[in-house]
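Trainee: Handing you this structure, nothing more for now.
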Amino acid sequence: MKIIDMHNRNSKYTVRCDRATILGNPCSRPGAPCPICNKVHFGPGMKQLTPCRSIQCYRTWLWIEFEKENKELIAAIKAIKHDDTLACWCCEKEGTAIFLDQVVCHCQILFRAWRFLNEEVYP
């Protein structure tokens, strides 16, 4: 699995994971309060406004959605395949860097959720 930055228009991806999709991070909408901590994390131009990271809130939000048994979200995550390329707007990661590097993109959280839901074991 690989994560690519959609700013690179030449990149090919199989699963779009930005806020326009169910796999997107609802905690990082510019100017909107976070559904977890109620803070506005990002302003115009995605300028970070708070020390509270939207990635941490996304992890909490995702777990809450799992507990609520959000069938649409769970099905979308389970539908990701081992050789898919996830596309977001923030970083590029591949191989073990997805789960060994510092978490900077919600797609890294999605990858971990995918492994959890598919009962894959970390290497």
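Trainee: Scan the range 35-42 and tell me whether some residue there is touching a residue at least 24 places away in the same chain (Cβ under 8 Å) and surrounded by 17 or more Cβ atoms within 10 Å (Cβ to Cβ).
Mentor: Yes, some residue in the range 35-42 is touching a residue at least 24 places away in the same chain (Cβ under 8 Å) and surrounded by 17 or more Cβ atoms within 10 Å (Cβ to Cβ).
Trainee: Exactly one of (1) touching a residue at least 24 places away in the same chain (Cβ under 8 Å); (2) assigned to a loop (DSSP other than H, G, I, E, B); (3) more than 16 Å from Cys88 (Cβ to Cβ); (4) out of contact with any helix residue (DSSP H, G or I) (no Cβ under 6 Å at 6 or more places or on another chain) is unmet by Asp18. Its number?
Mentor: Evaluating Asp18 over (1) touching a residue at least 24 places away in the same chain (Cβ under 8 Å); (2) assigned to a loop (DSSP other than H, G, I, E, B); (3) more than 16 Å from Cys88 (Cβ to Cβ); (4) out of contact with any helix residue (DSSP H, G or I) (no Cβ under 6 Å at 6 or more places or on another chain) leaves (3) as the failure.
Trainee: Still on this structure, I have one more. Can you name the residue in the range 24-34 that is crowded, with 22+ Cβ neighbours inside 10 Å and in a loop (DSSP other than H, G, I, E, B) and is also nearest to the chain's Cα centre (by Cα) among such residues? Walk me through how you get there before you give the answer.
Mentor: The first filter runs over the range 24-34 and keeps only residues crowded, with 22+ Cβ neighbours inside 10 Å, leaving 25, 27-28, 34.
From what's left, in a loop (DSSP other than H, G, I, E, B): 25, 34.
Working: Asn25: 6, Cys34: 15 Å.
Across the range 24-34, the extreme among qualifying residues is Asn25.
Trainee: Within the range 62-69, is there a residue that is at pLDDT below 85, out of contact with any Asp or Glu (no Cβ under 8 Å at 6 or more places or on another chain) and not in a loop (DSSP other than H, G, I, E, B)?
Mentor: no
Trainee: What is the number of the single condition among (1) modelled with pLDDT under 90; (2) surrounded by 12 or more Cβ atoms within 10 Å (Cβ to Cβ); (3) under 14 Å from Ile3 (Cα atoms) that Asp83 does not meet?
Mentor: (2)
Trainee: Residues Pro26, Pro30, Pro35, Pro44: which one is touching a Phe, Trp or Tyr at 6+ places or on another chain (Cβ under 7 Å), more than 22 Å from Leu117 (Cβ to Cβ) and not aliphatic (A, V, I, L, M)?
Mentor: After ruling out the rest, the residue left standing is Pro30.
Trainee: Could you give every pair whose Cβ atoms fall below 9 Å, whose first residue belongs to the range 65-79 and is without any contact (Cβ under 8 Å) to a residue 12 or more places away in the chain, and whose second residue is in a helix (DSSP H, G or I), counting only separations of at least 6 or pairs across chains?
Mentor: Short answer, once both residue conditions are applied: Glu65/Leu73; Glu65/Ile74; Asn70/Ile64.
Trainee: Now a separate question. Please find, among Cys27, Cys17, Cys37, the residue that is at pLDDT 85 or above and in contact with a Pro (Cβ under 9 Å, 6 or more places away or on another chain).
Mentor: The match here is Cys27.
Trainee: So which residues in the range 13-51 are among the hydroxyl-bearing types (Ser, Thr, Tyr) and closer than 30 Å to Lys81 by Cβ, if there are any at all?
Mentor: Tyr13, Thr14, Thr21, Ser28
Trainee: Could you check Thr96 against (1) closer than 26 Å to Gly31 by Cα; (2) modelled with pLDDT under 80 and say which number it fails?
Mentor: Of (1) closer than 26 Å to Gly31 by Cα; (2) modelled with pLDDT under 80, only one is false for Thr96: (1).
Trainee: Additional query: Against the condition loosely packed, with under 15 Cβ neighbours inside 10 Å, out of contact with any Cys (no Cβ under 9 Å at 6 or more places or on another chain) and under 22 Å from Phe111 (Cβ atoms), how does Lys71 come out, does it pass?
Mentor: Taking the combined requirement at face value, the residue satisfies it.
The values are calculated or read from the model by the stated rules, or taken from the named source; none is laboratory data. This is a predicted model, so every value here is computed, not measured. Cβ sites come from the backbone with ideal geometry, for glycine too, and all protein chains shown count toward neighbours.
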